[in-house]
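S.K.: My questions will all concern the structure given below.
Readers should treat all values here as calculations from the given coordinates under stated rules, not as data from a laboratory. Everything numeric here is computed off the predicted structure, so don't read it as measured data. Virtual Cβ from ideal backbone geometry, glycine too; neighbours counted across all protein chains shown.
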Amino acid sequence: MPDLALSFVIPLYHSAETIAGVVREIEGFAIEGGHEIILVHDGSGEPTSAVARELVRHARVPITLIEHARNFGEHNAVLTGWRHARGAHIVNLDDDGQNPPAEAVRLWRQAKEHGLDVVFGHYEEKQHSAWRNFGSWFTNRMTDWALDKPHGFYLSSFRCVSAFVAQQVVGYAGPYPYIDGLILQVTQRIGSLPVHHEPRKAGTSTYTFGRLLRLWLSAWINFSVLPLRVATILGLVVATCGFIAICVVAWLWMRGIGPEYGWGWSMSVVLIFSGTQLVMLGLMGEYIGRMFLTINQRPQSVVRQIVQSGP
């Protein structure tokens, strides 16, 4: 049985300027059944580590600091935190103060009152850059096709999950986890709650386009065969067009009509077929590469040290 009512899991990455305020606000809550804070430092350097250790040293609620040996990514860090959580429910939020802890408590109460396994925070207005907002929108539209979720349902990294769901999800050992995909494989008792999104307290976002691209690949390739189906359909369409074109060329040749056919047309056809083949080979290579890394047990994360606050 869980020891506490609620665990707050917060991945840390270059958050020395912001995490203290988030932790102090959580420490001020009176949660019936008790709560804890789990900080997962994802290999961003000594300044963040030093601030986190100071927070553990002066903790007013149980705080656990988990140090990754290097940077593994946000989703990997969240799973590390879930493995060490002792709460009946777990809320994970960002380290930059944009997810207000008070809103996290609202997610928890919504999950308890309605018997939901997962409650996602749905931002009324996001305080991110335009390209980041577009990336989030595109990710949600993409997962409408690739994942088994209600069409149009908003997925976000600001979520509350039950201990049951967390225990099922952390069994995944692959190096490229996509938490929302794992959750949707476990339960359909999901809900959403409109939440407020605060401007960033300090610094700039470290969420780059490369990280967003890696997230898209994890969502599509790890949890769906849709890209392979798209590649197959694309290949069939191009092959059909090529067959029709050949039939037309043969008919024109037999009738002795039509334009001159030469090197340009031939190269166009070659490029179309070569491009289609490269797309399909690239997709298959991505699948095979990820299978190779999983079979060779590339670590999802490596914990260097765990530091816990006193009683």
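S.K.: Once amide H atoms are placed 1.01 Å from N in the peptide plane, what residues at a sequence separation of 5 or more from V302, or on another chain, have their amide H within under 5 Å of its amide H?
M.R.: Those lying under 5 Å, H to H, from V302 are A69, R70.
S.K.: What order, most packed first, do the peptides 17-29, 82-94 have when packing is the mean number of other Cβ atoms within 10 Å of each residue? Intermediate results must be reported in sequence, preceding the final value.
M.R.: Working: 17-29: 18.1, 82-94: 23.5.
Order by mean packing, descending: 82-94, 17-29.
S.K.: Next question, about the same structure. Using only the Cα atoms of region 1-131, each taken as one equal point scatterer with no solvent, compute I(q) by the Debye sum, divide by I(0), and report log10 of the ratio at q = 0.14, 0.18, 0.22 Å⁻¹.
M.R.: -0.60, -1.00, -1.43
S.K.: Out of residues 5 or more away from L12 or on other chains, whose amide H comes under 5 Å of its own, with H placed 1.01 Å from N in the peptide plane?
M.R.: V40, H41, D42
S.K.: Which FRET efficiency value, to the nearest 0.05, do you get for I288 and E25 by plugging their Cβ-Cβ distance into 1/(1 + (r/R0)^6) with R0 = 51 Å?
M.R.: On the way: r = 46 Å, r/R0 = 0.91.
Efficiency for this residue pair is about 0.65.
S.K.: If you don't mind, another one. Taking amide H positions as placed in the peptide plane 1.01 Å from N, state which residues far from V195 in sequence (5 or more) or on other chains have amide H under 5 Å from it.
M.R.: Long-range HN contacts for V195: H122, Y123, E124.
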